[in-house]
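Okay, structure first, notes after.
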Amino acid sequence: MTVLLRRTMFRGRMKSALALGAMAALAVLPTPAVPASEATQVDLKLIIATDVSRSINAEEARIQREGTAEAFLNPEVVKAIQSGALGRIAIAMIDWSSPQFDRVVLDWTIVKDKASATALAEKIRATPRTPGRRTSISSALELGSLLLESSDKDIHATRKVIDVSGDGPNNDGNPMQESHDKTIATGVVVNGLPVMDENANGYYPGLDKYYAGCVVGGKGAFVVVVKSFADFGAAMRHKLILEISQNETQIKQALESLQRNQLLVRAAAGDSGPATQPQVMRPTNGYPGGCDINGGFGGF
């Protein structure tokens, strides 16, 4: 058997394994408890994809859950949800790391007001972390796309978004560029929240540029950069407003708030010069060295 033939067979087996893993992640879901009378049409279907790879310790995982829950309790986020034509959105959550560990941890939930947002926040807080291994953003996009597509018969939306947060580049699963391009081609928007905490085990310099060049994409896509896990909740809140709201004034206020907070941080550090690292970034074309990075946390 030639080397080329062996490689081709190996790649085929890997793709089959990844597909089975995604199907298994969806198979554990219960039957969606969405009232047909009000959940058929929504303004947005949003998937929140959370990094649970080994570089994320227990405290950081707790901060991510708590920050996401707190964001939905914020009146401005509820206002953003109600600004749409229908005034309601559908939310699902996945935990991602290596493809075989990816799981849907929160099935589709309709949010339309303070009460439903509060109920969602309680579910998020009560959701335990999924065990993880390496960092496969590509598999997060694949599972997210499958979850969006499989729910189309029950929940229809004019916009579909996958919201990816994480602390490292793709180092497992299918090639990042391939998964990225396939996702964007279906009309799904991918936004990113890279966590660049210099005091964390998983700190990766340049992750903001990596997310801009390799992860996000689609109409109006953006990156909100987090420089500390302590700021995760505030960043998530602003990002939710930016991707949910249909109110131009509210969107402008959220952008101004992000920039103002960045300037306050720089002023506290004694730096009054112009900001060199934007808090909100738009997609760029690729990343030096490519979108698949060897090494990283979680390997044997």
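Ignoring ligands, DNA and RNA, what percent of the 1.4 Å accessible area of region 136-179 is carbon and sulfur?
Carbon with sulfur: 53 percent of the solvent-accessible area.
Leaving ligands, DNA and RNA out of it, work out the accessible area of K114 with a 1.4 Å probe and give it in Å² to the nearest 10.
My reading of the accessible area for K114 is about 150 Å².
Taking square-rooted eigenvalues a ≥ b ≥ c of the alpha carbon gyration tensor, is region 37-191 rounded, prolate or oblate, where a/c under 1.5 means rounded and, failing that, a/b exceeding b/c means prolate?
oblate
Probe radius 1.4 Å, ligands and nucleic acids left out: which of Y204, Y211 has the largest accessible area, and how do the rest follow?
Correct descending sequence by accessible area is Y204, Y211.
Between region 139-204 and region 48-87, how far is it from one alpha carbon centroid to the other, in angstrom?
15
Within region 86-208, how many lysine pairs that are 8 or more places apart, or on different chains, have C-alpha atoms less than 18 Å apart?
4
What do you reckon, how do T68, T284 stack up by accessible area (1.4 Å probe), largest on top?
The residues order as T284, T68, largest area first.
Quick one: accessible area per residue over region 162-208, 1.4 Å probe, rounded to a whole number of Å²?
34
The values are calculated or read from the model by the stated rules, or taken from the named source; none is laboratory data. Worth saying up front: this structure is predicted, and the values here are computed from it rather than measured. Side chains are part of the model used for accessible areas, which takes the heavy atoms of the whole protein and leaves out ligands, DNA and RNA. Shrake-Rupley method; radii C 1.70, N 1.55, O 1.52, S 1.80 Å.
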